[in-house]
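Novice: Next up is a structure, given as structure tokens.
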Amino acid sequence: MVTLPVLHFNDVYRVQPFRPSPSSKDTIDITQWAAMLDDVRDEWAKRPDGKREGLVLFSGDLFSPSTESSVTRGSHMVPVINEIGPDVSLTGNHDFDFGYPHLSKLMQDTNFPWILSNIVDTKTSRIPEHLLEFVVLERLGIRVGVIGLVEQEWIGTVPAWPTNFAYNDMAETAIALSQRLRDPNGEYKCDLIIALTHARIPNDVKLAKAISADSPAVQDKQLTATKHGADIILGGHDHLYYISRGVTSWEGYDITQAVLGAEEDHGDVLIVKSGTDFRDLSEFTLELEDTPKGSIRAKLIKSIRGKHHETKPNSRSSERIASLLEDLLKSVSKSLKAPACRTDVEFDCRSQTVRLNESASGNWFADVLRHAYDDSLCLKGYTNGTDGVLICGGTIRGDSTYGPGVITLGDILEILPFEDPIVVLELDGESLWAAVEAGLSTWPAQEGRFPIVSGFRVSWDSRLPPGRRVLGIWLLNRTLGGLVDLEEVKRVRGGRKYSIVTREYMAQGHDGFAALKDQRYLVDDESGQMMSAIVRKYLLGCRFVSRMARVGPQERIEKMLNAATKEVIWREIARKDRYDKHSSAHKDIVSRWKHVARLALRWSRSHYRDHLRVTEKEHMSGVDCFDGSSVRSRKAHGDHDLKETLDVSEEDIITIHPFIDGRFKDEGRNPV
């Protein structure tokens, strides 16, 4: 019998100190977690190749979301994960947040393999480029096949999911790979197969049963040795620590506790899910026993004993990780001074503005959010994307004015400091009305709940008592003529449903928004992105398109671009041409044209959606103020994909035109 040691983790984002719970006075950080991992791994026997006789496995979600990733687009995590040194990693949904072209760059600069077994690029009929279908490793004389499986559900929540990436059933993929990897006459001759997954607990339990990831207690009854599949599932995606009841023992975790979603776990499956955010680490050993000659599985797990490690305040830190982070965070700080956009009017984020009235800054942010998840929702049958946005004045911080002129990347993060994700809820008319009423209930107190909206118009009267201030809500149609009511939102429970973008903080009922709690998620908190990251993506997309439109068609560059990106660029060239023609006319005509141009930009649904899409289909290094390539490689050089032709120029920074358009009108103070 052979005993194989394994370490597992998943869903890690933060690199700066944080409190492990809201009530905690102390903080923990990645340096302490890394030291904890090193202490365990250093006890393993050394191999001739310098590695250890055990496995460190990661189940996805690394590069996003975090405040730092809003600046670096995940590049800062590359040297960090390289220092941690997993043997194999699976991609998670958030790893795609900044698009697959960018993810490819990140993965190429890591020093370990990434796998994704059940996704196929329909253009090549192969696993997507820069990913592997599986990895085979040998430890302690045991040949271990590692496969990676992701659930179908979260694919529909990834705005940047490539349309040519097709999903294959997880169980079918695992069984097919088992046939290849376990073949005694084949190339790999694996003794054991470990499935890394990025899926919800119910799907992991269902998968474990389908691929016979059986616990030792049921292996004889289930004839596990005679079946193809995987031997154990190591999962991510759920940000909780969960060990299935089929393990032999687990220190620091009660395997008898009830876990939501794991109701079908009857002690018959082997699943390990290892928490989140450099708080948790799973250490366990697999005792492997030979099976009878002629069995499909050469070995079975006859015992699995583990321990739940938790990062503790004041525990030892890894000096090498601490030194690395000091350098990385300096590079992030420098980038905060770079311009993100310009504004041609004062960008007012003062509390007295965004918490009492419709504001130009609130309108602009809400409009950017409106189409962040359109592609994801289209995959779910919502062909028109979201119906609107409902956030609150407390979302916008800074309590200052910016511009006219340059707004820096640091300004954006100062204005949008919160890390809770942007989500999408499905609401009926009653719930939407109730949420807006709640946002108005404490007016004129400068509380953070004052509503900020996009996609619909609200008429309200501050003279009326709380709970009865909303006069009407209408979905809006975008026209150059201004606001046009498309459909009245009736205060009716049930019936017509509306897809509404909001903050997870509000969806949890905080700040008085109880009407949003327990509503159906279309994009949930573990699939949503941070608001600052969405705004950053939009501004990068604008800069990229502006740059391409300015330099004009260049055959070498055009060949590198996605077809949809080319269409966006040509539309921008046409828009610039129209603007230049009008600019040569009389001054009054120029003034009128600028007004129309602002409206065209402001009311163009495709503008926001297209520029967000560009960042998901192209690599933004040529226009990014943060030199991700140098950070990833820890060398003093830039990314030369597009910089050979295009220098980073402030000339291509978008000028925004935020203004108040009457979408949230107080009839009590502004009756006309």
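The values are calculated or read from the model by the stated rules, or taken from the named source; none is laboratory data. Quantities reported herein were computed from a predicted structural model and do not represent experimental measurements. Please note: Cβ atoms are built from the backbone with ideal geometry, for glycine as well, and neighbour counts cover all protein chains shown.
Novice: Hey, among the residues in the stretch 387-405 that are part of a loop (DSSP other than H, G, I, E, B) and more than 27 Å from THR442 (Cβ to Cβ), which one's farthest from the chain's Cα centre (by Cα)?
Specialist: PRO404
Novice: Output the residues belonging to the stretch 19-38 that are in contact (Cβ under 8 Å) with a residue 40 or more places away in the chain and not polar (S, T, N, Q).
Specialist: Of everything in the stretch 19-38, those that are in contact (Cβ under 8 Å) with a residue 40 or more places away in the chain and not polar (S, T, N, Q) turn out to be PRO20, ASP26, ILE28, ASP29, ILE30, TRP33, ALA34, ALA35, MET36, LEU37, ASP38.
Novice: Could you grab me the full set of residues in the stretch 83-106 that are within 20 Å of the chain's Cα centre (by Cα) and closer than 16 Å to VAL146 by Cβ?
Specialist: SER89, LEU90, THR91, GLY92 - these are the residues of the stretch 83-106 that are within 20 Å of the chain's Cα centre (by Cα) and closer than 16 Å to VAL146 by Cβ.
Novice: Show me the strands (runs of 3 or more DSSP E) entirely contained within the stretch 94-155 in which 2 or more residues are closer than 30 Å to LEU286 by Cα.
Specialist: 134-139, 142-150
Novice: Another one. Check the stretch 424-443 and report whether any residue there is under 22 Å from ILE653 (Cβ atoms) and at pLDDT 95 or above.
Specialist: Looking for residues that are under 22 Å from ILE653 (Cβ atoms) and at pLDDT 95 or above, one finds none in the stretch 424-443, hence no.
Novice: Further, regarding this structure: Checking LYS46 against (1) touching a helix residue (DSSP H, G or I) at 6+ places or on another chain (Cβ under 6 Å); (2) without any contact (Cβ under 8 Å) to a residue 12 or more places away in the chain, which single condition isn't satisfied?
Specialist: Of (1) touching a helix residue (DSSP H, G or I) at 6+ places or on another chain (Cβ under 6 Å); (2) without any contact (Cβ under 8 Å) to a residue 12 or more places away in the chain, only one is false for LYS46: (1).
Novice: With the checklist (1) surrounded by 18 or more Cβ atoms within 10 Å (Cβ to Cβ); (2) farther than 19 Å from GLY99 by Cβ; (3) modelled with pLDDT under 90; (4) aliphatic (A, V, I, L, M) in hand, flag the one item ALA515 doesn't pass.
Specialist: (3)
Novice: What are the residues in the stretch 332-350 that are touching a residue at least 12 places away in the same chain (Cβ under 8 Å), outside any loop (DSSP other than H, G, I, E, B) and either under 22 Å from TYR13 (Cβ atoms) or in contact with a Leu (Cβ under 6 Å, 6 or more places away or on another chain) (or both), if any?
Specialist: VAL332, SER335, ALA340, CYS341
Novice: Looking for whichever is out of contact with any strand residue (DSSP E or B) (no Cβ under 8 Å at 6 or more places or on another chain) and surrounded by 24 or more Cβ atoms within 10 Å (Cβ to Cβ) here; the options are SER212, SER178. Which one fits? First the steps, then the outcome.
Specialist: Details: SER178 fails: out of contact with any strand residue (DSSP E or B) (no Cβ under 8 Å at 6 or more places or on another chain).
That would be SER212, the only listed residue that is out of contact with any strand residue (DSSP E or B) (no Cβ under 8 Å at 6 or more places or on another chain) and surrounded by 24 or more Cβ atoms within 10 Å (Cβ to Cβ).
Novice: I'd like the full set of residues that are within 14 Å of GLY275 (Cα to Cα), touching a residue at least 60 places away in the same chain (Cβ under 8 Å) and hydrophobic (A, V, I, L, M, F, W, C), limited to the stretch 188-246.
Specialist: If the condition is that a residue be within 14 Å of GLY275 (Cα to Cα), touching a residue at least 60 places away in the same chain (Cβ under 8 Å) and hydrophobic (A, V, I, L, M, F, W, C), then ILE201, LEU234, ILE243 are the ones that fit.
Novice: Condition first: within 16 Å of LEU328 (Cα to Cα), assigned to a helix (DSSP H, G or I) and in contact with a His (Cβ under 8 Å, 6 or more places away or on another chain). Can you find one or more residues in the stretch 65-74 that meet it?
Specialist: Among the residues of the stretch 65-74, at least one is within 16 Å of LEU328 (Cα to Cα), assigned to a helix (DSSP H, G or I) and in contact with a His (Cβ under 8 Å, 6 or more places away or on another chain), which makes the answer yes.
Novice: For ALA434, are the conditions met, namely being in contact (Cβ under 8 Å) with a residue 12 or more places away in the chain and among the aliphatic types (A, V, I, L, M)?
Specialist: Working: in contact (Cβ under 8 Å) with a residue 12 or more places away in the chain: yes; among the aliphatic types (A, V, I, L, M): yes.
It is true that ALA434 is in contact (Cβ under 8 Å) with a residue 12 or more places away in the chain and among the aliphatic types (A, V, I, L, M).
Novice: Continuing with this model, one more query. For the stretch 212-331, list the strands (runs of 3 or more DSSP E) that sit wholly inside it and hold at least 2 residues that are at pLDDT 95 or above and within 22 Å of GLY60 (Cβ to Cβ); which are they?
Specialist: 232-237, 241-243, 271-274, 280-290, 299-310
Novice: Taking the stretch 96-122, which residues are in contact with a strand residue (DSSP E or B) (Cβ under 7 Å, 6 or more places away or on another chain) and among the hydroxyl-bearing types (Ser, Thr, Tyr)?
Specialist: SER117, THR122
Novice: Just to be sure I understand, how many residues within the stretch 374-406 are surrounded by 15 or more Cβ atoms within 10 Å (Cβ to Cβ) and either free of Cβ contacts under 8 Å to residues at least 40 places away in the same chain or not hydrophobic (A, V, I, L, M, F, W, C) (or both)?
Specialist: 16
Novice: Quick check, is THR353 surrounded by 16 or more Cβ atoms within 10 Å (Cβ to Cβ), without any contact (Cβ under 8 Å) to a residue 40 or more places away in the chain, more than 30 Å from ILE84 (Cα to Cα) and touching a Ser or Thr at 6+ places or on another chain (Cβ under 8 Å)?
Specialist: Working: surrounded by 16 or more Cβ atoms within 10 Å (Cβ to Cβ): yes; without any contact (Cβ under 8 Å) to a residue 40 or more places away in the chain: yes; more than 30 Å from ILE84 (Cα to Cα): yes; touching a Ser or Thr at 6+ places or on another chain (Cβ under 8 Å): yes.
In short, yes.
Novice: Now, a different point. Please work out if SER104 is on the phi < 0 side of the Ramachandran plot and among the polar types (S, T, N, Q).
Specialist: yes
Novice: For the stretch 353-381, which residues satisfy the criterion of being part of a loop (DSSP other than H, G, I, E, B) and acidic (Asp, Glu)?
Specialist: GLU358
Novice: Within the stretch 42-65, can you find the residues that are buried (at least 17 other Cβ atoms within 10 Å of the Cβ) and under 30 Å from ILE201 (Cα atoms)?
Specialist: The answer is GLY54, LEU55, VAL56, LEU57, PHE58, SER59, GLY60, ASP61, LEU62, PHE63, SER64, PRO65.
Novice: From the list ASP97, ASP87, ASP121, exactly one residue is acidic (Asp, Glu), more than 28 Å from LEU561 (Cβ to Cβ) and outside the structural domain of GLU526 (by TED's automatic domain parsing). Which is it? Don't jump to the end; show me each part of the working.
Specialist: Numbers: ASP97 fails: more than 28 Å from LEU561 (Cβ to Cβ); ASP121 fails: more than 28 Å from LEU561 (Cβ to Cβ).
One residue alone meets the criteria, ASP87.
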